[in-house]
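Report on the following structure.
The values are calculated or read from the model by the stated rules, or taken from the named source; none is laboratory data. What you are looking at is a predicted structure, and each value in this text was computed from that prediction instead of being measured. Cβ atoms come from the backbone with ideal geometry, glycine included; neighbour counts cover every protein chain shown. Note: areas computed on protein heavy atoms with side chains; ligands, DNA, RNA excluded. Shrake-Rupley method; radii C 1.70, N 1.55, O 1.52, S 1.80 Å.
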Amino acid sequence: MFLKGKTALITGSTSGIGLGYARALASEGAKIMLNGFGDPNEIASYVDELTMLNGDEAAYNGADLTKPQEIRDMVAECGATLGTPDIIINNAGIQHVAPIDEFPEEKWDAIIAIILSSTFHVTKAALPAMKEKGWGRIINTGSMHSLVASPYKSAYNAAKHGISGFTKTVALEVAQQGITVNSICPGYVWTPLVEGQIPDTMKTRDMSYDEVINDVLLANQPSKKFVTIEQVASMALYLCRDDASAITGSEIKIDGGWTAQ
Ligand code: NAD
């Protein structure tokens, strides 16, 4: 349990990839602060599960990541209850699929706020304690859309490309302070986020369910397989190891070859 005594705050961890990160880090002993929306009973069961996995503590904060003050309060609450975060994973995300000239302004604002601005606010609030300890791991969930684009996802592509720039900037600022900052860039992972965008894509492209899976989602994924949550989570775990202390400012692609094309 190489993360015993460490605390990890993971945004958007009540579902999908974020919950996968939480389970992986808890299995190595990390105390976990969960965040995200969802059914309270289900979230309480995740907190119990994580407590069993790490043999220590876990907690939940339901901060709405579009609200900077709630983010600052969440980081402060994490410090007060579990300890200041040694590891932050900026992971929450939403998607909206529409041509740019029909893209709703409020969706643009929400996607930029939840993916990009929340990463800034969490990092800003958590960094001083990491600097004091001389150790930290900041992991941002990017995407293959941090590196290349797909049509009809202007806000998402812009936010994820922004994650890359932010990751590199912070990595440079803290490069001599024992803190690494990286983004993990998955290709298509089978999660509720992917499942949720299928109806919109069916409508936008006038396609059947199977056509969206084979001809849109996996069309550019040469492996023709979805990435698994466990594959992404195990990379995050690796980045927390001392072996990974020279990896910083990187975009780590786990995309079945998507961006090799
Ligand atoms: P998901 O929908 O399963 O999880 C998203 C999480 O974000 C949930 O916990 C949700 O409650 C939370 N969230 C949404 N809005 C929030 C808000 N305003 N405040 C607080 N929490 C909020 O999605 P996922 O597929 O697990 O995606 C996780 C991350 O991985 C996202 O950043 C996504 O862009 C990225 N990603 C996903 C894929 C994929 O194929 N699934 C591929 C590349 C990158």
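Taking interchain pairs and intrachain pairs at least six residues apart, which have beta carbon atoms under 7 angstrom, with the first residue in segment 1-19 and of a type in the set (A, V, I, L, M, F, W, C) and the second in a strand (DSSP E or B) and within 7 Å of the ligand (Cβ to nearest atom)?
I10/N35; I17/T141; I17/V189
A113 - would you say it is surrounded by fewer than 22 Cβ atoms within 10 Å (Cβ to Cβ), among the small types (G, A, S) and without any contact (Cβ under 8 Å) to a residue 60 or more places away in the chain? If you could, list the steps in order and put the result at the bottom.
Values: surrounded by fewer than 22 Cβ atoms within 10 Å (Cβ to Cβ): yes; among the small types (G, A, S): yes; without any contact (Cβ under 8 Å) to a residue 60 or more places away in the chain: yes.
Considered against the rule, which asks whether it is surrounded by fewer than 22 Cβ atoms within 10 Å (Cβ to Cβ), among the small types (G, A, S) and without any contact (Cβ under 8 Å) to a residue 60 or more places away in the chain, A113 comes out as yes.
Report yes if T51 is part of a loop (DSSP other than H, G, I, E, B), more than 13 Å from the ligand (Cβ to nearest atom) and either under 28 Å from A155 (Cβ atoms) or among the β-branched types (V, I, T) (or both), otherwise no.
On the way: part of a loop (DSSP other than H, G, I, E, B): no; more than 13 Å from the ligand (Cβ to nearest atom): yes; either under 28 Å from A155 (Cβ atoms) or among the β-branched types (V, I, T) (or both): yes.
So T51 does not fit the description; no.
May I ask you to list pairs of residues, at least six apart or on different chains, whose Cβ atoms are under 6 Å apart, with the first in segment 202-220 being touching a residue at least 24 places away in the same chain (Cβ under 8 Å) and among the β-branched types (V, I, T) and the second being open to solvent by less than 50 Å² (accessible area, probe 1.4 Å) and not in a helix (DSSP H, G or I)?
T204/V97
In this structure, does T248 turn out to be within 22 Å of A24 (Cβ to Cβ), among the polar types (S, T, N, Q) and part of a loop (DSSP other than H, G, I, E, B)? Please lay out each step first, then the result.
Values: within 22 Å of A24 (Cβ to Cβ): yes; among the polar types (S, T, N, Q): yes; part of a loop (DSSP other than H, G, I, E, B): yes.
When the stated conditions are applied, T248 passes them.
Looking only at segment 54-83, count how many residues are part of a helix (DSSP H, G or I) and crowded, with 20+ Cβ neighbours inside 10 Å. Can you show your working first?
To start, the set of residues in segment 54-83 that are part of a helix (DSSP H, G or I) comprises 54, 68-81.
When the remaining residues are screened for being crowded, with 20+ Cβ neighbours inside 10 Å, the result is 54, 71, 74-75, 78.
Adding up the residues that qualify gives 5.
Report, by residue number, each residue of segment 140-161 that is part of a loop (DSSP other than H, G, I, E, B) and more than 8 Å from the ligand (Cβ to nearest atom).
Step one: filter segment 140-161 for residues part of a loop (DSSP other than H, G, I, E, B), giving 142-143, 147-153.
Hits for segment 140-161 are L147, V148, A149, S150, P151, Y152, K153.
Considering every residue within segment 121-128, establish whether at least one is within 16 Å of the ligand (Cβ to nearest atom), under 21 Å from S250 (Cβ atoms) and within 14 Å of the chain's Cα centre (by Cα).
For segment 121-128, residues within 16 Å of the ligand (Cβ to nearest atom), under 21 Å from S250 (Cβ atoms) and within 14 Å of the chain's Cα centre (by Cα): present.
(1) more than 10 Å from the ligand (Cβ to nearest atom); (2) of a type in the set (V, I, T); (3) over 17 Å from A236 (Cα atoms); (4) not in a helix (DSSP H, G or I): which one isn't true of T180, the others all being true?
(3)
Sort through E102, E106, E132 and tell me the only one that's farther than 30 Å from K203 by Cα and of a type in the set (D, E).
Working: E102 fails: farther than 30 Å from K203 by Cα; E106 fails: farther than 30 Å from K203 by Cα.
Going through E102, E106, E132 in turn, just one is farther than 30 Å from K203 by Cα and of a type in the set (D, E): E132.
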